Amino acid sequence: MLQRLQQKWGLDSTGQTAVVFLVFSLAGMSILPARRWVFHLLQFNDQTPFWLKFVAWLCVVFPTYQVSLLVYGTLLGQFRFFWEKEKKMGRFLLRGLGIRREAAVPAQDGN
């Protein structure tokens, strides 16, 4: 299974795969305090509706996780891997929202 992930992700070694797993772990652990801090700042409590917490989570925690991946990836020498994943995720989200990336517009003549 590890070799399949390594091949799918285009990683060169088991060590590189371990670093990628470490980055995912660190980013995941880093957003937990961010979530608590933001929910405290927004004064969310047990009476706060779930849908409101969920929207706040999407708006704050999801981007924080993505940035954390890039930061830890950079610190551990895997920026390129995570930058490619972020670009792929961005295209997926835009496509899901119905936003298409426009083709380059050809230059027009002065005529």
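The values are calculated or read from the model by the stated rules, or taken from the named source; none is laboratory data. Note that this is a predicted model, so its numbers are computed, not measured. No Cβ is skipped: glycine too gets one built from the backbone with ideal geometry, and neighbour counts run over all protein chains shown.
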**Asked** What number of residues within segment 1-14 satisfy the criterion of being small (Gly, Ala, Ser) and surrounded by 11 or more Cβ atoms within 10 Å (Cβ to Cβ)?
**Response** 0
**Message:** Testing Gln7 on (1) over 12 Å from the mean Cα position of the chain (by Cα); (2) at pLDDT 90 or above; (3) assigned to a helix (DSSP H, G or I), one condition comes back false. Which one is that?
**Reply:** (2)
**Request:** Determine the pairs where a residue that is within 21 Å of Gln66 (Cα to Cα), located within segment 91-106, has a partner that is in a helix (DSSP H, G or I) and modelled with pLDDT under 80 with Cβ atoms under 8 Å apart, the partner being 6 or more residues away or on another chain.
**Result:** none
**Complete:** Within segment 15-27, the residues that are surrounded by 11 or more Cβ atoms within 10 Å (Cβ to Cβ) and without any contact (Cβ under 8 Å) to a residue 40 or more places away in the chain are Thr17, Ala18, Phe21, Ser25
**Prompt:** Can you tell me how many residues in segment 35-56 are surrounded by 15 or more Cβ atoms within 10 Å (Cβ to Cβ), within 25 Å of Gly90 (Cβ to Cβ) and either touching a residue at least 60 places away in the same chain (Cβ under 8 Å) or not basic (Lys, Arg) (or both)?
**Reply:** 2
**Message:** Can you list residue pairs whose Cβ atoms sit under 6 Å apart, with the first residue in segment 69-81 being under 15 Å from Gly10 (Cα atoms) and the second being in a loop (DSSP other than H, G, I, E, B) and modelled with pLDDT of 95 or more? Count only pairs 6 or more apart in sequence or on different chains.
**Reply:** none
